[in-house]
Amino acid sequence: MVDFGEILRSVGDFGLFQKLNTFGLTFPHFLMPIFLSSFLFIQSDPERHCNTDWILSADPNLTTEEQLNLTLPREEDGTFSRCRMFVPVDWNIDAIREYGLNETTGCQNGWVYYNTLYEATIVTDFDLVCDKSNMVAVVQTVFLTGCLAGSFIFGPIAELYGRRRTTQLPAVLLLIFVIVAGVSPNFYVHVVSQFMVGAALGGYRINSIVLATEWIGVTKRSFASCLSQEFSALGQCAMAGLVFAVRDWKTAQYISAGAQAFVVLYIWWIPESARWLLGQGRTEEVKEIIHRVAAINKKKIPENLLREATAERQVQSGGIRAIFTSTVLMKYFLILSFSWFSLNLGYFCLTLNVGKFGLSIFLVQFLFGISEMPAHLLCMWMLELIGRKKSLISTLLAGGFVCFLTLAFPQARQTAVGLGSAAFRIAGLLSPLLNMLATYHWSIPIVVFSSLTVVSGALVFLLPETSRKELPDSTNEAAGNRNMTTKKTGSDSNVAAYSSRKFTKL
């Protein structure tokens, strides 16, 4: 039976259609880093004092210095307390001056912030300071929990309802809840909206790359995953520029929502994966889409080839169960999951502490993004030159050992370092908690995620090379029950490549 790869070669495996389709699906990855800006650019411990305007009812002509002297206790170093105030009293100003105030309490009417780097953040708007200072880590954890939930939900659903729907729905949810996050009247609504944003982001990230990849032939398969990462790196640079320019987290939310609205408008024109449709036995839809693709690519597909490719075939079933019933697939799955976990743990530990490098947070964030861009371009070349397995091993081992080397620097120059994709999201979920271990010793997070990365790199030796091989069209093929013929050169982006090849059809 003719496999789908032959159809792609006849209609063009990276023609105009694939280029437009890939660009349309990977461009939204440019916006994804911007969705993190509300809890990355926060100034977690801003200069502040309790709001004590209650005393102005006794004397509205008090200077700021007089007001603070009468209403705020001082710390041991002589500065005004940032979390305590004197209990308000119903006295006249003369009595307050003569007897003074002694009983203290927590801030009862909010805080007054000053000398802040930003005009407004979730910290200043929701008063996430003093006894609520850990709530920033809660927001980060809830967001990453949403990413995990999105991976669990939208991953399996894609096999049931198709890659197209499970790409469109997260795009719409992103638009809705990015706006909701910006207009949240309180912290709790904001947290719920961030969970939904994370879930939508996790779902879109998985299925958009799979949908793009399944339309590309082996010669250019790396483009979908690598271009999505390239847009993500560019988005990190844009995030730094956007927050530097506006300094208001709500304004940044609305700007990113406007860009996401553009994505929602065109995402409906993205066609379903013909590979998935074939696996579901929906041959008439496959014929219609293939003819449309051939017309866009200005190719003519032989009718006999299309008839043979769309002949009656067994409908693929089994889903995630197929992985757990195959020893070979389970081995691949566990190694790849551990690799995603290790990579994401270190990446998010770094990302969530971008402000602790001792340099401008805007500069550091920009450098994070700009340094990734040539790396993703180099990735495509390396995958083509030395294959996926060696590329994955070398990058994991190099990344882990370089992170270990950071332990040689003094702490003053240090930062306490951020089911396939589900493991990737679990690691992100744990990264804020891992960073908290730095309170015991600054080196603990570095040692943990560096060790995991090195171990995962070593485990990749147990995986097979998949470069220059066609995508499997069934679980049997994925398990190695056929000799995959060597076609033209093809490559994916390291971990994502393995995941899409081995698990896309499950």
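The values are calculated or read from the model by the stated rules, or taken from the named source; none is laboratory data. These numbers were taken from a predicted model, which means no experiment stands behind them. Positions of Cβ are backbone-derived with ideal geometry, glycine not excepted, and every protein chain shown enters the neighbour counts. Ligands, DNA and RNA are stripped out before the accessible areas are found, and what is left, the full protein with its side chains, is counted by its heavy atoms. Shrake-Rupley method; radii C 1.70, N 1.55, O 1.52, S 1.80 Å.
Observations, loosely collected:
- Across the alpha-carbon atoms of the range 1-160, the computed radius of gyration and Dmax are 27.9, 97 angstrom.
- Label point distance in nm, TRP268-GLU103, each placed 7 Å from Cα along Cα→Cβ: 6.3
- Whole-Å distance, taken between Cα centres, linking the range 127-196 and the range 371-390: 31
- Distance between the modelled labels on GLN43 and TYR161, one decimal in nanometres: 4.3 nm (7 Å Cα→Cβ projection).
- Unit charges at the beta carbon, dipole of the range 4-126: most positive-side option, HIS49, ILE34, PHE14: PHE14
- Between the amide H of ASN297 and those of PHE17, distances stay under 5 Å, these residues lying 5 or more places away or on another chain, with hydrogens modeled in the peptide plane.
- Rounded to the nearest 20 debye, dipole of the range 194-274 from Cβ charges on Lys, Arg, Asp, Glu: 140
- Above-threshold pairs, the threshold being 32 Å between Cα atoms, out of LYS299/LYS389; LYS19/LYS331; LYS220/LYS331: LYS299/LYS389; LYS19/LYS331
- Among TYR118, THR167, LEU144 - extreme Cα towards positive end, dipole of the range 114-217, charges at beta-carbon: THR167
- Rolling a 1.4 Å probe over the protein heavy atoms of the range 70-114, with every protein chain left in place, gives an accessible area that is 44 percent carbon and sulfur.
- Accessible solvent surface per residue of the range 217-290, calculated while the other protein chains remain in place, 1.4 angstrom probe, Å²: 37
- Amide H to amide H distances under 5 Å link HIS49 with VAL112, where only residues 5 or more positions off or on other chains count and H is placed in the peptide plane.
- Accessible heavy-atom area order of TRP215, TRP111, TRP91, highest first, probe of 1.4 Å: TRP91, TRP111, TRP215
- Ranking by accessible area, most exposed first, for MET85, MET373 with a 1.4 Å probe: MET373, MET85
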